[in-house]
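Single-structure report; data block below.
The values are calculated or read from the model by the stated rules, or taken from the named source; none is laboratory data. Just so we're clear, the structure is a prediction, and the values are computed from it rather than from any experiment. Cβ coordinates were reconstructed from backbone atoms using ideal geometry, including for glycine residues, and neighbour counts include every protein chain displayed. Side chains are part of the model used for accessible areas, which takes the heavy atoms of the whole protein and leaves out ligands, DNA and RNA. Shrake-Rupley method; radii C 1.70, N 1.55, O 1.52, S 1.80 Å.
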Amino acid sequence: MLSPNKIFPKRFRMKRKIVIAMDSFKGSAKSKELGDWVKEGISRVVSSEQVSVYPIADGGEGTLDAIIAGCGGTIFTKEVAGPLDEIVAARYGMIDDQTAVIEVAEACGLHLTEQTEEDVLSATSFGVGELILAAIEKGAKTIYLGLGGSGTNDGGAGLLQALGVQLLNKEKESIQSGAIGLKDVTHISVDTIHPSLQGVKLIALSDVESPLIGQKGATAVFGPQKGARSEIAGQIDQWMDNYSQLVEKNLSLNTRNVPGAGAAGEIGFALLSFLDTKIVSGITEILKLIDFEKEVHSASLVITGEGRLDEQTLNGKAPTGIIKLAKKYDIPVIALVGARPVDLSDFYIRGIDAVFSIVSGPVSLEESIRQVKQNTVTASESMMRAVMLAIE
């Protein structure tokens, strides 16, 4: 049995510095909102001067805001092609004169589609390519790309076309937008790729290690939530297989099984194959960028969390990166979550010291979303009261 002295070391009694780093609750609340609500609850128990909030992300939702909040910089808006060819106002950021941040979901996010079969067949990543060019026009020499939350399944074909790559059918005409266009691609040419890409370094931030195709591939795992169900998912996988073979033949490069190739509707594959992109752990890179270790090093308690604590949490999601840094300095970690499994033993083994759910009882999803602020504040206050009782 663990004693309070084991979980909460002497430093917590002498000087309290509480660091809050919450991942977003998908479809419910953003990282910064959650962090502020947790701070509100904790501040009912201890001084707010002892509490700091840091927005975080792992390459998915909230990546742009987290990096700009942590590093400073400016957010710009650019009108680009949305996933269904409508015009959308997509944001991107400049950390400094030569470093940009792009979140692919800004241009082709799941929230911009209806997740129907028709949508998944026609949704394009073209707007992401337009954002890359906009960042380069601003002077970017290094571009961080957050790969998460996409509503596309086009293998990054749209992105490539926006950058000047020619993907042609047997009539030597440009293929259709979306996954359906991949069934007709027979010719690839990089001769017309945009010259401004020369010398630009692309770093993709991802929490997904899925390969391009197969049972663990992007379409099989993430396709259903985008509208690719049953038979159509198998067809897309076959088209993707033929497409990847054509890429390998033309570029003498096989990246289909590289971890992350399936990220963001296979945008990862396009970036790896055509743009010599490095795919890295999103949360690890973001924590480095915002110099989060410096804050954790002097902390006495770290609070993190996400909407659902499950096996995916332990595979590169944001809380995992937070936990690793905290445990490097023997800092206790508490997770505040929306939902959690019955058995938490794996999470305790990996370094979480306690888990609290913000949900007060059986409730519908709609009701839990409406109550997310109040539930977070209340749960945070209760958690902090329990901590203070444990150390007294």
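Things to note:
- In region 169-194, the residues that are loosely packed, with under 13 Cβ neighbours inside 10 Å reach residues that are part of a loop (DSSP other than H, G, I, E, B) and acidic (D, E) with C-beta atoms within less than 8 angstrom, at least six apart or across chains, in these pairs: K170/D184.
- Condition met for D58 (assigned to a loop (DSSP other than H, G, I, E, B) and out of contact with any Lys or Arg (no Cβ under 8 Å at 6 or more places or on another chain)): no
- Residue in region 136-152 that is farther than 24 Å from S252 by Cα, in contact with a strand residue (DSSP E or B) (Cβ under 7 Å, 6 or more places away or on another chain), open to solvent by 10 Å² or more (accessible area, probe 1.4 Å) and not in a loop (DSSP other than H, G, I, E, B) present: yes
- Pair list, Cβ < 8 Å and 6+ apart or interchain, from region 334-358 residues that are over 21 Å from A29 (Cβ atoms) to residues that are open to solvent by less than 50 Å² (accessible area, probe 1.4 Å) and of a type in the set (S, T, N, Q): F347/T313; R350/T320
- Look at region 34-50: where a residue is farther than 10 Å from I18 by Cα and a partner is assigned to a helix (DSSP H, G or I) and open to solvent by 40 Å² or more (accessible area, probe 1.4 Å), sitting 6+ places away or on another chain with Cβ atoms under 6 Å, you get W37/K373; V45/R385.
- Qualifying residue in region 54-72 (condition: among the acidic types (D, E), more than 15 Å from G265 (Cβ to Cβ), open to solvent by less than 50 Å² (accessible area, probe 1.4 Å) and touching a residue at least 12 places away in the same chain (Cβ under 8 Å)): yes
- Qualifying position, being open to solvent by 10 Å² or more (accessible area, probe 1.4 Å), aliphatic (A, V, I, L, M) and within 27 Å of K373 (Cα to Cα), among A326, A354: A354
- Residue match in region 187-198 (condition: part of a loop (DSSP other than H, G, I, E, B) and touching a Lys or Arg at 6+ places or on another chain (Cβ under 9 Å)): no
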